Amino acid sequence: QVQLVESGGGLVQAGGSLRLSCAASGRTFGSYAAGWFRQAPGKEREFVAAITWNSGITSYADSVKGRFTISRDSAKNTVYLQMNKLKPEDTAVYYCAASSRGIVTTRPTLYNYWGQGTQVTVSS
């Protein structure tokens, strides 16, 4: 069993930056993949970014490419999402997820474990 706890959300002005963290407990990420998703009010949950834990292969949604960076720290068993040049449309609850399949995937159904989410609000 893997428990995921996100942190780092908050209120920021457009153009600003935030770094989200997702700490895993219960087991190490090991051969898993980790992903970030987000859900805005009235919208479906959407893929943001993912990374394979062993090889560090990454994937990004087109809407965040060049602005967001996903990374991992094996020693801390933590995955990060560095968000720069934030836009009001980035406002959402951001969720961390882990997939035992160990591949980067945009499909939320392929992730076994989810965090509780952290709110990111970008003001214009």
Within the stretch 25-51, which residues are small (Gly, Ala, Ser), under 20 Å from VAL120 (Cβ atoms) and open to solvent by less than 70 Å² (accessible area, probe 1.4 Å)?
ALA34, GLY35, ALA40, ALA49, ALA50
Is it fair to say VAL5 is hydrophobic (A, V, I, L, M, F, W, C), modelled with pLDDT of 95 or more, in a strand (DSSP E or B) and within 14 Å of VAL122 (Cβ to Cβ)?
no
Taking into account only those residues within the stretch 79-111 that are in a loop (DSSP other than H, G, I, E, B), modelled with pLDDT of 95 or more and not β-branched (Val, Ile, Thr), which is surrounded by the fewest Cβ atoms within 10 Å (Cβ to Cβ)?
ARG107
Residue under question is PHE29, and the condition is that it be within 21 Å of VAL2 (Cα to Cα), modelled with pLDDT of 95 or more, among the aromatic types (Phe, Trp, Tyr) and out of contact with any Leu (no Cβ under 6 Å at 6 or more places or on another chain); does it hold?
no
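What about SER7, is it surrounded by 13 or more Cβ atoms within 10 Å (Cβ to Cβ) and at negative phi?
yes
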So, in the stretch 52-78, exactly how many residues are open to solvent by 20 Å² or more (accessible area, probe 1.4 Å), assigned to a strand (DSSP E or B) and either within 28 Å of PRO41 (Cβ to Cβ) or touching a residue at least 12 places away in the same chain (Cβ under 8 Å) (or both)?
6
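The values are calculated or read from the model by the stated rules, or taken from the named source; none is laboratory data. Note that the coordinates shown come from a computational prediction; the quantities given were computed from them, not determined experimentally. Counting neighbours? That spans all protein chains shown, and the Cβs are built from the backbone with ideal geometry, glycine included. Ligands, DNA and RNA are stripped out before the accessible areas are found, and what is left, the full protein with its side chains, is counted by its heavy atoms. Shrake-Rupley method; radii C 1.70, N 1.55, O 1.52, S 1.80 Å.
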